[in-house]
Amino acid sequence: MAGTKRMQPDKGSLRKSLYNKVAHDLGQRIVRGDYKPGALLPNEAECGQIYKVSRTAVREAVKMLSAKGLIHSRPKIGSRVEPRASWNLLDRDVLGWYCATVDFQSFALDVQQIRFMIEPEAAALAAINRAPQQLLEIEAAYQAMADGVDDEAAWNAADVKFHLSILNASGNEFIPPFGSVIESLLANLFSVTVAHLRNRLKVLPQHEAILDAIRARKPDLARAAVRRLLQSTQKTIDQGGKLKSAALEPKSRQRKGLKIPARG
């Protein structure tokens, strides 16, 4: 149409998109092990050629990765990959890269340890401290789970929301920041465990028991209910591991009914 101005791209957004692309690719490679701790990354000029971006975009990507603890950059030396212990695994991006590369069973073990440490006590605190609006959020998440029993994606999203709402209702300011971590962990965990649940209605009452205890302001019951749910989740994880092992077992052994000894 005559007189209509053509929309110009936002240069700031474009620049951010470029350095995010570089940072995410390099970050994934570091976490995956393509670049080992102590290794030097390609310099600015080389990265610019590899990713077809300016040196400015490379510098911004380096700053981003440095802030996440993945690398340490020094003038005239370059960007060196930091030891794994220096990585900020609480960072949403780093956690996402980690979840995409680690073995699921190892990942699930770490997740469950964190959940057993945090969630039962958070639920007990929520039973004591929850505000009316926070209770409504927990109830809404539970109802979304009930409505989504036949929809894996809807169930998964509602389940994550249910657990995060409990953390937010704990009344302890240091617990909700773990929400972003647990959100990523639970999303990855549930995407696998939900696939093994033949009937989601079996675990729905376990979530309802948590909700009822928080609603009734009974911290001991809330704590115990969460522990029962986590134990149930652990059984599902263990079952998934056994199914995976059976699928990988040599066919000759499967036919003969031989068992592969478990490693101690």
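The values are calculated or read from the model by the stated rules, or taken from the named source; none is laboratory data. It should be emphasised that the depicted structure is a prediction, and the values quoted were computed from it without experimental measurement. Quick reminder, even Gly has a Cβ in these numbers, built from the backbone with ideal geometry, and neighbours come from all protein chains shown. Surface areas here come from the heavy atoms of the whole protein model, side chains and all, with no ligands, DNA or RNA. Shrake-Rupley method; radii C 1.70, N 1.55, O 1.52, S 1.80 Å.
What to note about this one:
- FRET efficiency, 1/(1 + (r/R0)^6) with R0 22 Å, evaluated for R215 and A131 via beta carbons: 0.95
- The simple Förster model, with R0 at 22 Å and r as the Cβ-Cβ distance, assigns D238 and L89 a FRET efficiency of 0.35.
- In straight-distance terms, cross-link reach from K76 covers every one of the aspartates and glutamates whose alpha-carbon lies under 20 Å from its own, apart from those fewer than eight places away in the same chain; here that gives E44, E46, E60.
- Estimated distance in nm for a label pair at Q113 and N43, the labels positioned 7 Å out from Cα along Cα-to-Cβ: 4.1 nm
- Average accessible area per residue (Å²) across region 97-172 - probe 1.4 Å, nucleic acids and ligands excluded: 43 Å²
- From phi via Karplus (6.51, -1.76, 1.60), per-residue ³J(HN,Hα) for region 33-49 in Hz, x at Gly/Pro: x, 5, 10, 6, x, x, 6, 8, 6, x, 6, 4, 5, 5, 5, x, 6
- In terms of overall dimensions, the C-alpha atoms belonging to region 23-147 reach 56, 28, 27 Å along their principal axes, ordered largest to smallest.
- The packing ranking of peptides 224-235, 118-129, highest mean first, is 118-129, 224-235, where packing means the average number of other beta carbon atoms within 10 angstrom of each residue.
- With 0.36 nm allotted per residue and the present C-alpha distance subtracted, the D147-A187 stretch has 12.5 nm of extension available.
- Out-of-range pairs (alpha-carbon distance over 22 Å; input K161/K202; K21/K63; K202/K235; K21/K161): K21/K161
- Anisotropy class of region 88-156 from Cα gyration tensor, a/c 1.5 cut: oblate
- A cut-off of 5 Å between modelled amide H atoms, ignoring neighbours fewer than 5 places along the same chain, links I71 with S66, E82.
- Near C99: Cβ cut-off under 14 Å, other residues only, Lys/Arg at +1 and Asp/Glu at -1. The net charge is -3.
- Gain on full stretching of the segment that runs from Q206 to N172 - 0.36 nm per residue minus C-alpha separation: 9.8 nm
- Relative contact order [Cα under 8 Å, 6+ residues apart], region 25-84, whole percent: 40 percent
- Cα-projected label distance for D25 with V102, points at 7 Å along beta-carbon direction, nm: 2.7 nm
- Long-range HN-HN contacts of G78 with modeled amide H, under 5 Å: none
- Remark: the S66-S17 segment gains 15.9 nm on full extension, using 0.36 nm per residue and subtracting the alpha carbon distance.
- Under Karplus coefficients 6.51, -1.76 and 1.60, residue-wise ³J(HN,Hα) of region 71-87 in Hz, glycine/proline x: 9, 10, 9, 10, x, 6, 10, x, 9, 10, 5, 7, x, 4, 5, 8, 5
- Highest mean first, the peptides 215-222, 57-64 sorted by other C-beta atoms within 10 Å per residue fall in the order 57-64, 215-222.
- Positive-end extreme of charge dipole, region 45-110 - chosen from A57, L70, L109 (charges on Cβ): A57
- The amide H of Y35, built 1.01 Å from its N in the peptide plane, has I30 as neighbours under 5 Å, considering only residues 5 or more places off or on other chains.
- Whole-Hz Karplus values for region 64-69 come out as 4, 5, 5, 5, 8, x Hz, taken residue by residue from phi with 6.51 cos²θ - 1.76 cosθ + 1.60 and θ = phi - 60°; glycine and proline positions read x.
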